[in-house]
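The values are calculated or read from the model by the stated rules, or taken from the named source; none is laboratory data. Just so we're clear, the structure is a prediction, and the values are computed from it rather than from any experiment. Methodologically, a virtual Cβ is constructed for each residue, glycine included, from the backbone with ideal geometry; neighbour enumeration extends over all protein chains shown. In case anyone asks, the SASA skips ligands and DNA or RNA and just uses the protein heavy atoms, side chains included. Shrake-Rupley method; radii C 1.70, N 1.55, O 1.52, S 1.80 Å.
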Amino acid sequence: MDATKERPDINPSKILEIGLGFMASKTLLTAVKLGVFSFLANGERSGSDIQSNFALNERCLYDFLDTLVSLGFLDRDGLKETAVYRNSPEADLFLDKKKATYVGGILEMANNRLFRFWADLEDALKTGRPQNEVKSGEQPIFEMLYSDPDKLREFVMAMGGIQMGNFAKFANEFDFSDYKTHCDVGGSGGHLSIQIALNNPHLKCT
């Protein structure tokens, strides 16, 4: 009996999309880490321009760029050597490091730290133990972060960037006219206080 004939309304596309989703995820994370979207924020560029700027190997260049096109993060005119690439509207707004709307900090941390931890999900489910840096005998997570300025900066930018939209909306829509001071407890990089101060110059932020 052919089961597909019994249920023609269902197919395995969602299963395969989720099961192999790490391929699309890693493509995006790699592009963010390289800075592809910030590079293209200055205008469309050819594949060879992108290759030269990031020292990419020609063998996988167009597979990489055209995957970003198929995922909707880049737009393209032409094919291969004649192609020019530019950011999609979403990528241009949210993945250009020079813009205040950049949310790529959390993606940078996902690429550099979190991606590898998820490979050990099965161990976590069976043992109940952390699978982050502690697993390999390093310091607890926050002690590790505070001991490494680069990792701490990455963490702060990840946490601030992913919340920037909420911070800006709150700062614009909440009526601060009756308040003189604002204290942000646990404010990390000060992203919330900055947005509030930009929109409410009468406030003193701590």
Among the candidates ASN112, ASN87, which residue alone is in contact with an Asp or Glu (Cβ under 8 Å, 6 or more places away or on another chain), in contact (Cβ under 8 Å) with a residue 24 or more places away in the chain and within 27 Å of SER188 (Cα to Cα)?
ASN112
Within the stretch 55-78, can one find any residue that is open to solvent by less than 60 Å² (accessible area, probe 1.4 Å), more than 27 Å from PHE117 (Cα to Cα), part of a helix (DSSP H, G or I) and touching a helix residue (DSSP H, G or I) at 6+ places or on another chain (Cβ under 7 Å)?
yes
Among the residues listed as GLU122, GLU81, GLU90, the single one being exposed (fewer than 13 other Cβ atoms within 10 Å of the Cβ), under 24 Å from GLY47 (Cβ atoms) and out of contact with any helix residue (DSSP H, G or I) (no Cβ under 8 Å at 6 or more places or on another chain):
GLU90
When residues of the stretch 4-36 are limited to those that are farther than 27 Å from ALA119 by Cα and either of a type in the set (Lys, Arg) or open to solvent by less than 70 Å² (accessible area, probe 1.4 Å) (or both), the one modelled with the highest pLDDT:
ARG7
Condition check for SER177: open to solvent by 70 Å² or more (accessible area, probe 1.4 Å) and within 24 Å of PHE22 (Cα to Cα)
no
Scan the stretch 31-53 residue by residue and report those that are of a type in the set (Asp, Glu) and assigned to a helix (DSSP H, G or I).
ASP49
Every residue from the stretch 169-183 that is in a helix (DSSP H, G or I) and closer than 12 Å to ALA197 by Cβ:
ALA171
Identify the single condition in (1) over 20 Å from the mean Cα position of the chain (by Cα); (2) over 30 Å from GLY19 (Cβ atoms); (3) in a helix (DSSP H, G or I) that GLN139 does not satisfy, given that it satisfies every other one.
(3)
